[in-house]
Amino acid sequence: MAYDSNNIFAKILRGEIPNDTVYEDERVLAFRDIQPQTPVHVLVIPKGEYESMDDFAENGSDAEIAAVFRAVASIARDHGVADSGYRLLANTGADAHQEVAHFHVHVFGGRRLGRMIRPARDDD
């Protein structure tokens, strides 16, 4: 599958769609989620064209991979959740409900988050 350069994150990276940027460097952009699920809900995306975690791990440079995870840690510190705890989520593929085919990591925090995954049901 070829990368879709018209996905919403590609448009954000090109400046076609506004965002609430909280972190940016030459390899990474991070911004607040428009429908936050926790007090801290930030999306961290590489600036390169990667569809999923699998694609990013396989094709991203060591510098890009390191930059994403360093950005996550910086965001957690800057938003006051590094000590209390935070969660990372990177959905990959249809079964995980990946909604945008551009690799991204959600950073959740600012309250107790509860169980990581609920028991499976047939209607999920």
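Read-outs: derived from the displayed coordinates by stated rules, not from any lab. The model shown is predicted, which means the values in this text are computed figures rather than measured ones. Cβ placement follows ideal geometry from the backbone for every residue including glycine, while neighbour counts extend to all protein chains displayed.
What list of ³J(HN,Hα) values in whole Hz, one per residue of region 5-20 in order, does the Karplus curve 6.51 cos²θ - 1.76 cosθ + 1.60 (θ = phi - 60°) give from phi, with Gly and Pro shown as x?
Rounded to whole hertz, the list is 6, 9, 5, 4, 6, 4, 5, 4, 4, 7, x, 7, 10, x, 8, 9.
Sorted from largest down, what three extents in whole angstroms do the Cα atoms of the chain have along their principal axes?
Each principal axis gives a Cα extent; for the chain these are 39, 35, 29 Å.
Just how large is the dipole of the chain about the Cα centre, in debye to the nearest 20, putting +1 at every Lys and Arg Cβ and -1 at every Asp and Glu Cβ?
Here the chain has a charge dipole of around 680 debye.
Taking H placed 1.01 Å from N in the peptide plane, check which residues at least 5 places from VAL28 or on another chain put their amide H under 5 Å from its amide H.
LYS47
Where the centroid of each part is defined by its Cα atoms, how far is region 56-75 from region 13-28 in Å?
Using only Cα atoms, the two centres lie 16 Å from each other.
What ³J(HN,Hα) values, in whole Hz, does the Karplus curve 6.51 cos²θ - 1.76 cosθ + 1.60 give for region 88-99 when θ = phi - 60°, with x put for Gly and Pro?
So the J values, rounded to whole Hz, are 10, 9, 10, 6, 10, x, 5, 5, 8, 6, 5, 8.
List every residue whose amide H lies under 5 Å from the amide H of GLY110, counting only residues 5 or more places away in sequence or on a different chain, with H placed 1.01 Å from N in the peptide plane.
Correct list: VAL40.
Under 5 Å between amide H atoms, partner at least 5 residues away or on a different chain: which partners does SER52 have, H built in plane at 1.01 Å?
PHE103
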